[in-house]
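Any read-out appearing in this document is the output of simple, stated calculations on the displayed coordinates, not a laboratory observation. Keep in mind it's a predicted model, so treat the numbers as computed, not measured. Heads up, the Cβs are rebuilt from the backbone with ideal geometry, glycines too, and the neighbour counts pull from every protein chain shown.
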């Protein structure tokens, strides 16, 4: 049986609309389909960069063919990360529409929050023979120690 991914969160269209609102274009301007497609392409690229470079995995719904064709599909990101993703997207699309963002809407703040909340933390085991100190003595009768030994790297 194949696993069916369950997506959720805000739609890609709503992320794009919030990003345009961050740039100062309110809902009174209707976006063209080309603008949506361009913004969605930039959203896909940005989410791929976040995952590859910063290790931030938000369970984003990447397109199967490499090119998104439907902006109404769910993004898959958690709802609490939607504002930060929209702010990062707004910074990407602002130069293409001739806008500049206010200094309060900086990339460092949104990116820092995403990294702090969602970055995958690497784990590391102690190898055999690593000096740990006198606190790693075997328990009585069991032979187990407080710090387990990683068997995968042997």
According to a simple spin-label model (label point 7 Å from Cα along Cα-to-Cβ), what is the distance in nm between residue 83 and residue 53? 2.4 nm
With the contact rule set at Cα under 8 Å and sequence spacing of 6 or more, what percent relative contact order holds for region 38-98? 40 percent
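Plugging the Kirkwood radius over Cα pairs into Stokes-Einstein for region 12-118, at a temperature of 37 °C and a viscosity of 0.692 mPa s, what D comes out in µm²/s?
Details: Rh = 14.0 Å.
Rounded, D is 235 µm²/s.
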